[in-house]
1. Which members of segment 31-81 meet the condition of being acidic (Asp, Glu) and under 23 Å from Thr213 (Cα atoms)?
2. Quick check on segment 313-327: of everything there that is open to solvent by 10 Å² or more (accessible area, probe 1.4 Å) and not charged (D, E, K, R), which residue is farthest from Thr419 (Cα to Cα)?
3. If I ask for residues that are within 16 Å of ligand 1 (Cβ to nearest atom), over 17 Å from Val119 (Cβ atoms) and of a type in the set (S, T, N, Q), which ones from segment 61-104 would you list?
4. Output the residues belonging to segment 83-101 that are part of a helix (DSSP H, G or I) and in contact (Cβ under 8 Å) with a residue 12 or more places away in the chain.
5. Select from segment 56-72 the residues that are open to solvent by 20 Å² or more (accessible area, probe 1.4 Å) and either modelled with pLDDT under 95 or in a helix (DSSP H, G or I) (or both) and write down the one among them that is nearest to Ala17 (Cα to Cα).
6. List every residue pair whose Cβ atoms lie under 6 Å apart, where the two residues are 6 or more positions apart in sequence or sit on different chains, the first residue falls within segment 286-303 and is not assigned by TED's automatic domain parsing to the domain that holds Thr178, and the second residue, located anywhere, is within 16 Å of ligand 3 (Cβ to nearest atom) and hydroxyl-bearing (Ser, Thr, Tyr).
7. Somewhere in segment 137-146, is a residue open to solvent by 20 Å² or more (accessible area, probe 1.4 Å), touching a Cys at 6+ places or on another chain (Cβ under 9 Å) and within 16 Å of ligand 2 (Cβ to nearest atom)?
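The values are calculated or read from the model by the stated rules, or taken from the named source; none is laboratory data. What you see is a predicted model, and the numbers here were worked out from it, not measured in a lab. Cβ atoms come from the backbone with ideal geometry, glycine included; neighbour counts cover every protein chain shown. Just so you know, the surface numbers come from the protein's heavy atoms only, side chains and all, with ligands and any DNA or RNA stripped out. Shrake-Rupley method; radii C 1.70, N 1.55, O 1.52, S 1.80 Å.
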Amino acid sequence: MSTLELPVLNTPDAPPAPSNGLKVYVETYGCQMNVNDTEIVQGVMHQHGYAVADTADEADVVLLNTCAIRDNAERKIHERLNHLKYNKRSNKDLVIGVLGCMAERLRAQLLDKQMVDVVIGPDEYRRVPELVEQARGGERGIAVKLSRVETYDDIVPLRTEGISAWISIMRGCDKFCTFCVVPFTRGRERSRPLSSVVDEAKHLWDSGFKEITLLGQNVNSYRDEERGFDFADLLAHTARAVPQMRIRYTTSHPQDMSDKLIDTMAGHDNICKYIHLPVQSGSNRILELMNRTYTVEHYLGRIRRIKQAMPDCAMSTDIIAGFCTETEEDHQRTMDVMREVRYEGAYMFAYSPRENTKAWKMGDDVPDEVKNRRLNEIIELQNGISREINALEIGRTHGILVEGPSKRNAAQWKGRTDTNKTVIFPHEDVRGYVIGDIVSVHIESSSSATLVGKLV
Ligand code: SAH
Ligand code: SF4
Ligand code: F3S
């Protein structure tokens, strides 16, 4: 892997440029890859002398890092841009930019909106300072070329909070599920070298991080071509390099969920026993139309294999309700899979047709009210299952990684179990633990979303 064709603007040891007195605010929408991309953009901007603003109101540059996955994700951005128009009225030098997947999808169309000065796609973030600079001089700009090699491997993400860090190990997606815009907005799959990911993990541990999540749209396709490593190798190397660090990853594709990967997870205590394995639908006919490249039987076989190796492994999934031609029978099959697997949690969506995808041409024939009714049935079923599974935790004791005060009540602190469940417990100063410690909590009550317990 090399980034030879790209200018290297930032090496880990290079000092940042002197402050230019300007502040940038990046607002993040969409998936965790966007969260990490925001940190990369902040890293690039910091290197060029910008400070990071706490709010849009105090910023000289406001960048929206956007998502295009469903229509409502894009609608939200249009609304936000309309609102930012007013910021521009009170500060005529304000630069407003659209980054991310929507920038890549809509390109110059976004420049038709008068409040937008720059449009920058996911593979062009090295050019953000240059385009912002031009915009300050009155010249609006666009950069949306996709790259086959860009991984931002040499950019140090500017992480602004917490003890958990995201590490993107690869970019792009080659799966081309028929409903999905990601292969178009993020381009072709490419991976970072194993050694650079492991080094970043070590560096994060040395800087006080306690948990890392390795990110990719489809991490099972990770390849270190030069040295012939796959994702299981990467996990194993990382787990050994930072043996006290909690290691998570997302997302894996059911087709390539290998025995080797499952056994690697089972073999390392610091790899969290939690897998997000999107099923999308429980109907083979729909899975085929979606080009998911697996059957329900294959999927359930993988779940059995996972539970054999790790009986307590928590599972979550993504489900789409109302994909084109979905019948009541197909919908029931999805609910059957949910009842069989009993996921700890699920992200559930109504199908949203996306222009230029294959499914776009198949039509969108499930009426909205039917889609929404099916989605609500799915959500209700999942809430019941989550509630039942969480109730089984009462009386158990878990090692919790302490994240700090809960948002609603500072007297209550929160953390997560290895299996990614949020636990709330009364803060006890005298115990002397700090954010980032692992403490034992005895679970006393639960809901579908959280566990509540007491320090032991
Ligand atoms: N790479 C991951 C998913 C990334 S997108 C994977 O393949 O599993 C996150 C989720 O958004 C998808 O799993 C899917 O459930 C949902 N999604 C994607 N495109 C969608 C669309 N057009 N309409 C509704 N949901 C969609
Ligand atoms: Fe989209 Fe499928 Fe790639 Fe996931 S695997 S990002 S759903 S194309
Ligand atoms: Fe959205 Fe792009 Fe992520 S479309 S889900 S931000 S990869």
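1. Asp37, Glu39
2. Thr325
3. Residue satisfying the conditions is Asn72 alone.
4. Selection gives Leu84, Lys85, Asn87, Lys88, Gly100, Cys101.
5. Looking at the filtered set, the residue picked out is Glu58.
6. Hits for this filter: Met290/Thr178; Asn291/Thr178.
7. No - not one qualifying residue is present in segment 137-146.
Each row is one residue, and each column tells you yes or no for (1) within 16 Å of ligand 1 (Cβ to nearest atom); (2) surrounded by fewer than 16 Cβ atoms within 10 Å (Cβ to Cβ); (3) outside any helix (DSSP H, G or I); (4) not assigned by TED's automatic domain parsing to the domain that holds Asp364.
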position: Val128; (1), (2), (3), (4): no, no, no, yes
position: Ala135; (1), (2), (3), (4): no, no, no, yes
position: Val149; (1), (2), (3), (4): no, yes, yes, yes
position: Pro157; (1), (2), (3), (4): no, no, yes, yes
position: Ile167; (1), (2), (3), (4): no, no, yes, yes
position: Phe184; (1), (2), (3), (4): yes, no, no, yes
position: Glu200; (1), (2), (3), (4): no, no, no, yes
